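Before any comments, here is the structure.
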Amino acid sequence: MSTENESKWIVDTEPTVRDIDDIELNEFDARPVAKFVFAFAVGAFFFLLPIPWDGQITVPFDVAVSYLTDTFPTAVGIYSLLIIIAGGILTTMAQFDVRRLGSLDLTSYESSLVFWFLRIVGAVLAPVMFFKLGPEWLHTAGTGGFMWETLVYSVGVIIPIGAIFITIFVELGGLEFVGTLSRPLMRPLFRVPGRAALDSLASWVGSYSVGLYVTRNVFERGGYDKRDVFTIATCFSTVSIGFVGVVADTLGLLSLFPVIFFAYFVCVVLCAIILVRIPPISTMPSEYIAEPDPEMPFHGSVTEYARFAVSEAVGKAEKGETIFEAAKRGFVDGLKLTSLILGTILAVGLAAVLLSAYTPTFEILGSPLVPLISLLGIPNAEVVAPATIVGITEMYVPVLIAKDAAPMAKFFVAVLAVSQLIFFSSVGPMIMDMFSDVPIRFRDLVFLFALRTAILVPLVAGMTHLVAALGLL
């Protein structure tokens with residue numbers, strides 16, 4: 001291993017592949033085993049246990065977030081206002097080299113001029129949105145109202161709460177357990193470490209915000225290089241299972257939720273398999289920003305992988321923090337991350353939804369696609385075509401556009417919208433701000449959105465015709 005500077009670590013040689021006989025397995029002492037089992041059980045309950053809620057099947061994490069945002073909207077609004085303003089102020093102090101304020105370390109708030117500007121814009125906009133100042137068109141349900149009361153509130157609550165349970169899970173062996181079991185799948189298919197399965201799982205069952213928090217956490221510890229981060233952030237920052245249900249319900253297709261979700265899953269997997277093998281992802285350097293901690297190459301049977309996974313998990317739990325310490329640190333880290341990105345999300349996201357709502361930009365951009373959509377046999381091509389492009393602003397906007405379309409058009413838009421993944425009301429600015437040291441640039445995300453759309457349009461059209469042929473549409 002060598003380094004060019006303190007923030008650029010490169011692994012020169014691949015570690016030797018080992019089998020179960022080459023590894024000294026950890027002792028299964030009662031205390032670390034109990035810590036791991038408890039952490040795994042808590043994480044599984046909070047993020048994976050399906051429960052009925054408000055007429056839908058969801059998970060306790062989604063229930064907790066929805067309960068807070070729906071029951072205490074004013075408190076969540078005040079919290080969002082304060083944390084965005086705090087992010088703008090602390091970033092400004094960091095920009096002017098005020099490194100410490102008492103015991104408050106401002107190093108993490110250092111940023112580029114672009115993101116400093118965006119956080120300041122967010123801090124200025126936050127009072128405008130909270131107090132509903134300015135023209136009425138700024139605060140409609142499809143523009144500022146959606147941006148502030150849905151996206152900002154949700155992300156602001158999701159990250160700190162999710163960070164508590166994810167940190168417990170990661171610190172006490174969950175990452176090692178899931179990562180070790182997933183190695184035979186993740187590396188060959190997606191060219192990422194097995195531990196990336198946890199980031200993806202956190203997005204599927206929780207939120208892309210939680211998944212990105214996991215990615216950032218592992219990246220800072222040397223568990224991912226820059227290419228890994230680029231891949232995970234752009235290919236696996238998926239919308240949650242619960243939100244797919246919201247999309248299906250909005251379009252009157254809730255009875256087809258299992259079909260829509262399966263189609264969405266297939267689309268995400270196929271896009272990832274293709275995109276990791278072509279630029280810009282394939283050309284991202286394999287550099288670390290911390291002392292590299294790559295996964296040990298391992299070869300063995302299913303049983304041997306299971307033994308190795310439990311051993312790794314118990315070893316991590318033995319060295320890890322107490323459950324309370326992990327929860328406390330996760331909450332603090334989650335609040336810090338929220339203050340860093342929420343203002344950026346508000347600034348960029350509001351501009352995106354306003355552009356979509358009040359200009360013909362996406363109708364113009366989508367018009368060349370009308371003949372293609374018609375050729376693929378999807379009805380209401382004049383509605384569907386702009387919906388395929390407008391998803392770059394916010395993935396829910398295409399769904400609203402297609403609410404009154406034919407069933408085949410609705411199904412096509414539902415699957416396409418949730419599969420495009422990259423949208424600039426939230427995911428785009430969040431990725432660029434969180435991973436400015438990769439760096440993931442605006443033009444890369446736009447290009448990847450275009451590539452995903454090019455792959456998805458014929459794929460989803462084929463799925464739509466298959467579902468229609470089966471008599472489900």
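The values are calculated or read from the model by the stated rules, or taken from the named source; none is laboratory data. Not measured: the values here are computed from a predicted model. Positions of Cβ are backbone-derived with ideal geometry, glycine not excepted, and every protein chain shown enters the neighbour counts. Surface accessibility is based on the protein's heavy atoms, side chains included, excluding ligands, DNA and RNA. Shrake-Rupley method; radii C 1.70, N 1.55, O 1.52, S 1.80 Å.
About its Cα centre, the dipole of the chain is roughly 820 debye, where the only charges are +1 on Lys and Arg Cβ and -1 on Asp and Glu Cβ. The Cα atoms of the range 36-162 cover 49, 46, 23 Å along the three principal axes, with the biggest extent listed first. For the range 187-277, the spread of Cα positions along the three principal axes, ordered from largest to smallest, is 45, 24, 16 Å. Projecting the Cα positions of ALA468, TYR109, VAL276 onto the charge dipole of the chain (unit charges on Cβ atoms of Lys, Arg, Asp and Glu, taken about the Cα centre) puts ALA468 furthest along the positive direction. For the range 152-307, the spherically averaged projection of the C-alpha convex hull amounts to 10.6 nm².
The lysines whose alpha-carbon is closer than 17 Å to the alpha-carbon of LYS35, local same-chain residues fewer than 8 away aside, are LYS316, LYS319, LYS328.
Accessible area per residue (1.4 Å probe, heavy atoms of protein chains only) ranks ARG187, ARG227 as ARG187, ARG227, with the largest value leading.
Using a 1.4 Å probe, what is the accessible area per residue for the range 307-376, in Å²? Spell out each step's value before the answer.
Working: 3230 Å² over 70 residues.
Roughly 46 Å² per residue, with all protein chains present.
Solvent exposure of ARG329, expressed as accessible area, is near 70 Å², computed with a probe of 1.4 Å over the protein chains only. Quotient of the Cα radius of gyration of the chain and 2.2 N^0.38 Å, N being its number of residues: 0.98. Ordered from highest to lowest accessible area with the whole protein assembly present and a 1.4 Å probe, THR303, THR107 read as THR303, THR107. Sorting PHE308, PHE324, PHE265 by accessible area puts them as PHE324, PHE265, PHE308; the probe is 1.4 Å, largest comes first, and only protein heavy atoms count. In the range 72-145, the portion of solvent-accessible area held by carbon and sulfur atoms comes to 74 percent [1.4 Å probe, whole percent, DNA, RNA and ligands not counted].
Solvent exposure of PHE131, expressed as accessible area, is near 120 Å², computed with a probe of 1.4 Å over the protein chains only.
Here the range 108-209 yields Rg over Rh of 1.13, to two decimals, using C-alpha coordinates and the Kirkwood radius.
Each residue of the range 313-364 gets 118 Å³ once the volume of the Cα convex hull is shared out per residue.
Between the residues ALA196, VAL63, PHE362, the greatest Cα displacement towards the positive end of the dipole of the chain, with unit charges on the Cβ of Lys, Arg, Asp and Glu, is found for PHE362.
Each Cα pair under 8 Å and six or more residues apart adds its separation to the average, and for the chain the resulting relative contact order is 21 percent.
The accessible surface of the range 354-411, taken with every protein chain in place and a 1.4 Å probe, is 68 percent carbon and sulfur. The lysines whose alpha-carbon is closer than 29 Å to the alpha-carbon of LYS403, local same-chain residues fewer than 8 away aside, are LYS132. Around the Cα centre of the range 344-473, unit charges on the Cβ atoms of Lys, Arg, Asp and Glu (plus for the first two, minus for the last two) sum to a dipole of about 160 debye.
Placing a pseudo-label 7 Å from each Cα along the Cα-to-Cβ vector at ALA406 and GLN56 gives an inter-label distance of 2.8 nm. Only protein heavy atoms count here; on that basis, with a 1.4 Å probe, TYR109 has an accessible area of about 10 Å².
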